[in-house]
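The values are calculated or read from the model by the stated rules, or taken from the named source; none is laboratory data. This structure is a prediction, so every number in the text was calculated from the model and none was measured. When we count neighbours, we look across all protein chains shown, and the Cβ atoms used for this are built from the backbone with ideal geometry, even at glycine. Just the protein is used for accessible areas: all its heavy atoms, side chains included, with ligands, DNA and RNA removed. Shrake-Rupley method; radii C 1.70, N 1.55, O 1.52, S 1.80 Å.
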Amino acid sequence: MRKLFALLALVLIALGVCAWQLPASVVVALLPAEASKFVQLHRLSGSVWNGRALISVVGVAPALPVAWACRPSVSPVGARCELGGALTGVATTDVLGTAIQLERVSMVLPVQYAMGTSIGASSSGVAADIASATLSRQTMTIKGSIRATDATYRAGAADVALGEVSADCVPAPDARSSTCTVSNRAGSGRLDGKLTLSPTRATGSIDLTPANGPAQRVAF
């Protein structure tokens, strides 16, 4: 019996060592499939518990350096990670629920977004402040805001100055998606919009009214 217990102890220790030394590339497999449509990780190094990578949002430049230091979590079963680099905050992975919970996440970066060759947007600085968020196969609830300074919008050959653009997001009544209100101030054009974010897609519309031109609507 003692030999059996000793063998089990050795097996558990070996499994623990292997789990502790899992490479950072395993993080990609832990991301919800729906999240990978919008967020991608590159140049991963270190381990699943202490590592670093470049994180990018599809269609938005540049990629951000991010680092993480994790420890096992019992409730929920998974890991709790302190984020560092250009992205700070706390991320908790729920292995059984296949979900990621974010708390107090913030970042600041310049942004350029392109949609084809004639439509795009840019900003000298975008600050994101996410109080909380839950991302899973069935849920995308976000409570927080995004602010873009010195923002411009391009339609064709003309640039429209938008000033400060903000998007304020709250969980929708169904507790499965999020609703975001888009607006701006101190620009030469007016921006108004409503977006609904779900795990599989973003829907809504944004109205842009230039100072000397007809209103334009982008619906998706």
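Give the number of residues within the range 89-98 that are farther than 15 Å from residue 129 by Cβ and within 13 Å of the chain's Cα centre (by Cα). Explain how you work it out, then say what you get.
Restricting attention to the range 89-98, the residues satisfying the condition of being farther than 15 Å from residue 129 by Cβ are 91-98.
Now restrict to residues that are within 13 Å of the chain's Cα centre (by Cα): 91.
Of the residues in the range 89-98, 1 are farther than 15 Å from residue 129 by Cβ and within 13 Å of the chain's Cα centre (by Cα).
If you scan the range 142-200, which residues turn out to be assigned to a loop (DSSP other than H, G, I, E, B), open to solvent by 40 Å² or more (accessible area, probe 1.4 Å) and farther than 21 Å from residue 122 by Cβ?
173, 174, 175, 176, 200
Please state which one of 25, 75, 36, 45 is at pLDDT 75 or above and open to solvent by less than 80 Å² (accessible area, probe 1.4 Å). Walk me through how you get there before you give the answer.
Details: 25 fails: at pLDDT 75 or above; 75 fails: open to solvent by less than 80 Å² (accessible area, probe 1.4 Å); 36 fails: at pLDDT 75 or above.
None of the other options fit; the residue is 45.
Looking at the range 83-104, can you tell me whether even one residue there is touching a Phe, Trp or Tyr at 6+ places or on another chain (Cβ under 8 Å), over 30 Å from residue 220 (Cα atoms) and modelled with pLDDT of 60 or more?
Our first condition is that a residue be touching a Phe, Trp or Tyr at 6+ places or on another chain (Cβ under 8 Å); within the range 83-104, this holds for 83-84, 91.
Still in the running and over 30 Å from residue 220 (Cα atoms): 83-84.
Next cut, modelled with pLDDT of 60 or more only: 83-84.
Within the range 83-104 (the criterion being touching a Phe, Trp or Tyr at 6+ places or on another chain (Cβ under 8 Å), over 30 Å from residue 220 (Cα atoms) and modelled with pLDDT of 60 or more), the answer is yes, since at least one residue qualifies.
Filter the range 191-220 down to the residues that are over 11 Å from residue 179 (Cα atoms) and among the hydroxyl-bearing types (Ser, Thr, Tyr) and list them by number. Talk me through it step by step, then tell me what you get.
Taking the range 191-220 first, the residues over 11 Å from residue 179 (Cα atoms) are 191-192, 199-201, 205-220.
Those that are over 11 Å from residue 179 (Cα atoms) and among the hydroxyl-bearing types (Ser, Thr, Tyr): 200, 205, 209.
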